[in-house]
Amino acid sequence: MNRYATAALTAALAASPALAQKGALQKIGKAEGQVDIVAWPGYIERGATDKNFDWVTEFEKKSGCKVNVKTAGTSDEMVALMNEGGFDLVTASGDASMRLIRGKKVQPINTALVPSYKTVDARLQKAPWHTLDNVHYGVPYQWGWNVLMYNTTVFKDKPPTSWSVVFEETTLPDGKSNKGRVQAFDGPIYIADAALYLMKKNPALGIKDPYELSEAQYKAALELLRVQRKLVGKYWHDAFVQIDDFTNEGVVASSSWQFQANILKSKNRPIATTVPTEGASGWADTTMLHAEAKHPNCAYLWMEHSLSQKLQGDLAAWFGSVPSVPAACKGNKLLGDDGCKRQGFEAFDRISFWKTPTTQCASQANQCVPYHRWVTDYIAVLGGR
């Protein structure tokens, strides 16, 4: 048995039985030789893009588990891949995780077999997007917010302060219209970004939670998105395609992840990011184990590895995210001691984290528009309807 498995098993035997989740794996056996993971682009790096960012190679050597990665650009794509099967783990955001739990596509996690779980940020340990009836269905990975990325040459000394720059037609500081020069995310969860903007733009709508929308509030968000459709030249979901769009296709402002901005800045592109006055949506991603995982032992070894301070700090530096392990915020050469603060560590309570909209919603008397409507209606918006 390799040293990862020995450490995890020892911790499991010493741990309180209360930590063992019902229906979860009770001990780690022999590594199966591989682990298959569905992940966001840039989330699992082996140094191919930049040799400084590699948290796979050493794990493979020490664990004997080859890491295979399938990237997905949206939460809906991740859910579809997990429904198809053939994967062990997925780095699911909050708008996918509960669908996977309720759909019985992921299994409970025995946190006793993940010794480093105790180092996870207290704000995440029992987060509602991976915990149901006090049972954990995953290991927190990273979190962050969806920033407004913009071209500094175009905006000059007047950086945007509102999401209106991507939602409403306006003249930009370079004297040209924003029409055809802005982007929006092409996932249905983006309806929440429109709702978040309307919370401040039109408070009379009474929106309290951008993921809990009454019919009237939902209609207003769709109308705003139809206005935006006339401005957007191209929607995005692939991070690397968006990088090319900002480089070669004339896009100058869009919702984005800090990951894209970091890569563009590394190539000396005139790029900056900001969080507008209306606030921002965000994501908190969880590594979840497929209900029928073929390589559960390697999967548990990876989940423990994923919480190492080195990986957490390096990944946060690479992706522009925040570690789920606060100790990783200090002493990491790539992240720097101010990296976590710069990337939103202290803004946790200001972020509207992705979650799956359902009819059962406290803010609107359990009469909210469910997610399947978001999917069909957003497709219609993208199609110009």
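The values are calculated or read from the model by the stated rules, or taken from the named source; none is laboratory data. What you are looking at is a predicted structure, and each value in this text was computed from that prediction instead of being measured. When we count neighbours, we look across all protein chains shown, and the Cβ atoms used for this are built from the backbone with ideal geometry, even at glycine.
When you scan the range 257-265, do you find a residue that is at pLDDT 95 or above, assigned by TED's automatic domain parsing to the domain that holds Lys234 and not in a helix (DSSP H, G or I), even just one?
no
Given the criteria surrounded by fewer than 21 Cβ atoms within 10 Å (Cβ to Cβ), hydroxyl-bearing (Ser, Thr, Tyr) and touching a residue at least 40 places away in the same chain (Cβ under 8 Å), does Thr286 qualify?
It is false that Thr286 is surrounded by fewer than 21 Cβ atoms within 10 Å (Cβ to Cβ), hydroxyl-bearing (Ser, Thr, Tyr) and touching a residue at least 40 places away in the same chain (Cβ under 8 Å).
Which one of Tyr211, Tyr218, Tyr137 is in contact with a His (Cβ under 9 Å, 6 or more places away or on another chain), of a type outside the set (Val, Ile, Thr), closer than 30 Å to Lys105 by Cα and modelled with pLDDT of 95 or more?
Tyr137
Step by step: first the residues of the range 55-91, then only those that are over 27 Å from Ile189 (Cβ atoms) and touching a residue at least 60 places away in the same chain (Cβ under 8 Å), then the one that is surrounded by the fewest Cβ atoms within 10 Å (Cβ to Cβ). Which residue is that?
Here the answer is Lys62.
Which one of these does Thr273 not meet: (1) in contact (Cβ under 8 Å) with a residue 40 or more places away in the chain; (2) touching a helix residue (DSSP H, G or I) at 6+ places or on another chain (Cβ under 6 Å); (3) within 23 Å of Ala92 (Cα to Cα)?
(3)
For the range 328-337, indicate whether the set of residues that are crowded, with 21+ Cβ neighbours inside 10 Å, touching a Leu at 6+ places or on another chain (Cβ under 9 Å), assigned by TED's automatic domain parsing to the domain that holds Lys30 and farther than 30 Å from Val165 by Cβ is non-empty.
yes
For the subset of the range 56-75 comprising residues that are assigned to a helix (DSSP H, G or I) and among the polar types (S, T, N, Q), which member is nearest to Lys126 (Cα to Cα)?
Across the range 56-75, the extreme among qualifying residues is Ser75.
Could you check Trp302 against (1) without any contact (Cβ under 8 Å) to a residue 12 or more places away in the chain; (2) in the same structural domain as Val56 (by TED's automatic domain parsing); (3) of a type outside the set (S, T, N, Q) and say which number it fails?
It fails just one condition, (1).
Could you grab me the full set of residues in the range 30-52 that are out of contact with any Ser or Thr (no Cβ under 9 Å at 6 or more places or on another chain) and at pLDDT below 95?
Ala48, Thr49, Lys51, Asn52
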